[in-house]
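The values are calculated or read from the model by the stated rules, or taken from the named source; none is laboratory data. Values in this document were obtained by computation on a predicted structure and should not be read as measured data. Don't worry about glycine lacking a Cβ; one is built from the backbone with ideal geometry, like all the others, and counts go over all protein chains shown.
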Amino acid sequence: MYFGGINGISYFKPEAILPNPFPPDVRITGLRLAGRPVAVGEVINDRVLLPQTIARLQTIEIKDAENDFALDFTGLNYANPGKNRYAYLLEGYNDRWIQIPPGQRTASFANLPSGDYTLRVKASNGDGIWSKQPATLHLTVLPPRWRTWWAYLLYAAGVLAALALYRRMEMRQQAAQNQLALDRFQVAKEKEVLTLKLNFFTNVSHELRTPLSLILAPMEELMSVAGQLGGLKDKVLLMHRQTRKLLGLVNQLLDFRKVESGHIPLRASRNDIVGFLTEIFLIFKLKAEERQLDYTLVAPAEAVPLYFDSRQLEIVLTNLLANAFKYTKEGGKIQLRVAVVGSPEHEGLLQQQKLQDNFLEIEVRDWGVGMKPTELDRIFDVYYQASHTDTLRMVGTGIGLSLVKQLVERHAGEVSVQSQVGVGTTFIVRLPFGSAHLAETDLVADTVPTMGETTFVPAVYSEVEDAAVFAPSVALPDGGGQLLVVEDNEEMREYLRQLFEPAFCVTVAADGAEGWKKAVAQLPDIIISDIMMPRSNGLELCQKIKQSPKTMHIPVLLLTARTAAMHEQEGLETGADDYCSKPFNPKLLQAKVASLLHNRHKLRDYYQRQALLQPSEITMPDADKVFLESVLRIVESHLENSEFTVPLLVREMGMSQSVFYRRLKSITGQSVVEFIRDVRMKRAAQLLADTQLRITEVAAQVGIDDSKNFRKMFQKTYSMSPSEYAKQHRAGSKTSSLLSESA
């Protein structure tokens, strides 16, 4: 073929042109990181990546931070290099050759996983002949630090440490749970033991107080005629004092039981604390003179007002003084000191549960044997006794000071002790002024009209008592009637019979079951019953009496050795009219019986005056009068409702049932059921007297559907039938005919 041109004619024979049989020789020529060429010997990331030309290197290490790179390569073909084609294979990453578009001589890689790779590159000449021996370069992509083998080792160590820590915490938690379960079990066992101990105290007190009653009551009768005993007077007084001592020990057990059970009632009032402490001081005066003790009282001359419970504070002071006398030898010294810190007219100032200002400080100091410093922290623990008590003639029970601490803290006060062996002991009691630290339920009305008057009569009896003077026998109502005594102790039954026989026809019963039978058969005027009895106790008997329409009017006086407030409340809530604890003063018991009968007679007279629901002058406090008027108004508004019950009345009054019952009982002497029935009968009497209604109509208007039952209730209230009552009070001639029509 011939071709003309500016230089002449060019020609060739097509059959003489043959394909190029020589494939190009491929070489890797360069490395680029993030698009920037890397020179030989250049320092990158604190190291030389290419110590020599890349064509001579067999392996290149790429760090994680350099994992964005490209490799340049070329094919040595000089016949027609523009037509060279390239393909590469990265072994370890893919398994196929990747052909590069014409004109490109670069293989780019980014974010290769860490590992070892082999890059193979081949080229072809313009005639499609590929090179037989590709260029090879080994690449090692290093993992990041958090994926290295030592990082994984740290991870494994961390996991193992976490598992070990979790296991340890789990074991600790399990141990804590086991300890908590053990503590709960121990607390439950201690509570069970404490309950058994408290029950033991209750039973022992009951067993002790009953014989004490039989000793003390006749003895007090003898003391009322002590002048006639001649030479036996001193002996009777000695017996009386010792019996009172025994009673004091029993009372201390009962007070300790209240503390142990967490029920410490407080009845605080604003009184002169100086006068009170002076009386407590004088109780031990004679004993101090007998033992030739220097016994002094240091107190302010003027009256100091303080809110306190006289009975509880009496226990505190007598225990502290008794300890001082116990541990002071004859001829020693004891001092009771009273000081005012701050102003009695301001509230006590407490900081961090400590009194800082406005408080009364009572100090009982003795110059006796003293105590070791190691014993001072435990002296207020229950049953703890100082180590020197075994050398003394008098040994205590170990509950007195524990009781002192509980009672002082109940007054929001604090008690502390200072002592030195051979020098003496000082107990310091601090009580805050004011009433902000007391709950409303802890406060009662002031028991003294003016400050400075002496009205306290301590309940503790000691050697300082002189001949007791008793009031003459209480005058019982004329024709006292029948008295039922229910008591399981035979000696106590006989004593009560002898005590009341001059004024009553006394019947006795050995338990509640027998007492119930005799109460129903004889309908006595009053019943005296013990609480703790076999078969049927006094509470069950009282409940039966107050629930039966036949006997609910009979006053019941409960007699028991269980003096705790919860037992007294239990007895009163069953309907008892009064409560007397053993051992009792016979004069006090006679006075209670006389008072119950007298109040019952006054109540009967009052309701007889109110028989026609006419207003009359009644002597009762204004608050009680308003309360009674509210109850009457509600009952009268539901008078025709036969379904009107006690819960409905209590709900409309907006009071709790127990409070409402006690309030109504204290004013009227009747239970709620008795009161509602009484109002119905009075309205019925008014209707029978002032209207011409038939008996059945009257019964319906007062909420009684059964006319037969109405006649029985009316007969019981007025001792006559409704028809007889209407004949006596109605005017007109139609009465008899109307009554006959209703029959």
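Which residue, of D127, D95, is outside any helix (DSSP H, G or I), among the charged types (D, E, K, R) and touching a residue at least 40 places away in the same chain (Cβ under 8 Å)?
Sole residue among the options that is outside any helix (DSSP H, G or I), among the charged types (D, E, K, R) and touching a residue at least 40 places away in the same chain (Cβ under 8 Å): D127.
Of all residues being among the basic types (K, R) and surrounded by fewer than 18 Cβ atoms within 10 Å (Cβ to Cβ) in segment 646-681, which is farthest from S719 (Cα to Cα)? Just the residue, please.
R651
Can you list the helices (runs of 4 or more DSSP H) lying wholly within segment 624-700 that have 1 or more residues being among the hydroxyl-bearing types (S, T, Y) and in the same structural domain as Y725 (by TED's automatic domain parsing)?
In segment 624-700, the matching helices (runs of 4 or more DSSP H) lie at 657-668.
Of the residues in segment 27-58, how many are at pLDDT 90 or above and closer than 20 Å to S114 by Cα?
Within segment 27-58, residues that are at pLDDT 90 or above and closer than 20 Å to S114 by Cα number 3.
Please specify each residue of segment 45-72 satisfying the condition of being assigned to a strand (DSSP E or B) and in contact (Cβ under 8 Å) with a residue 12 or more places away in the chain.
Those that are assigned to a strand (DSSP E or B) and in contact (Cβ under 8 Å) with a residue 12 or more places away in the chain: T59, I60, E61, I62, D68, F69, A70, L71, D72.
Identify, please: which residue in segment 597-623 is part of a helix (DSSP H, G or I) and in contact with a helix residue (DSSP H, G or I) (Cβ under 7 Å, 6 or more places away or on another chain) and is, among those, modelled with the highest pLDDT?
Out of the qualifying residues, it is L603.
Could you check segment 287-304 and list, in sequence order, the residues that are in a helix (DSSP H, G or I) and without any contact (Cβ under 8 Å) to a residue 12 or more places away in the chain?
Scanning segment 287-304 gives a single hit, E289.
Exactly one of these conditions fails for C505: (1) crowded, with 18+ Cβ neighbours inside 10 Å; (2) at pLDDT 85 or above. Give me its number.
(1)
Can you confirm whether G8 is outside the structural domain of A135 (by TED's automatic domain parsing), surrounded by fewer than 15 Cβ atoms within 10 Å (Cβ to Cβ) and farther than 21 Å from T136 by Cβ?
Answer is yes for this residue.
Residue under question is A513, and the condition is that it be at pLDDT 80 or above, within 42 Å of the chain's Cα centre (by Cα) and in a helix (DSSP H, G or I); does it hold?
In short, yes.
Of the conditions (1) free of Cβ contacts under 8 Å to residues at least 60 places away in the same chain; (2) assigned to a strand (DSSP E or B), M371 fails just one. Which one is it?
(2)
Go through A565, A576, A594 for me and flag whichever is at pLDDT 80 or above, among the hydrophobic types (A, V, I, L, M, F, W, C) and either surrounded by fewer than 20 Cβ atoms within 10 Å (Cβ to Cβ) or not assigned by TED's automatic domain parsing to the domain that holds R497 (or both).
After applying the criteria, what remains is A594.
Every residue, every condition in (1) assigned by TED's automatic domain parsing to the domain that holds N80; (2) within 60 Å of the chain's Cα centre (by Cα); (3) among the polar types (S, T, N, Q); (4) at pLDDT below 90, yes or no:
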| position | (1), (2), (3), (4) |
| --- | --- |
| T106 | yes, no, yes, no |
| F109 | yes, no, no, no |
| L119 | yes, no, no, no |
| N125 | yes, no, yes, yes |
| G128 | yes, no, no, yes |
| L139 | yes, no, no, no |
| A156 | no, yes, no, no |
| V159 | no, yes, no, no |
| A164 | no, yes, no, no |
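Counting only residues that are in contact (Cβ under 8 Å) with a residue 24 or more places away in the chain, give me the strands (runs of 3 or more DSSP E) lying completely in segment 305-359 with at least 3 of them.
305-308, 333-341
Would you mind finding the one in L499, L541 that is in contact with a Pro (Cβ under 8 Å, 6 or more places away or on another chain), under 25 Å from H598 (Cβ atoms) and part of a helix (DSSP H, G or I)?
L499
Could you list all residues from segment 433-455 that are polar (S, T, N, Q), surrounded by 13 or more Cβ atoms within 10 Å (Cβ to Cβ) and at pLDDT below 80?
Scanning segment 433-455 gives T447, T455.
Mind listing just one residue for me: the one in segment 328-361 that is crowded, with 21+ Cβ neighbours inside 10 Å and of a type outside the set (A, V, I, L, M, F, W, C) and, of those, farthest from E290 (Cα to Cα)?
Of everything passing the filter in segment 328-361, G348 is farthest from E290 (Cα to Cα).
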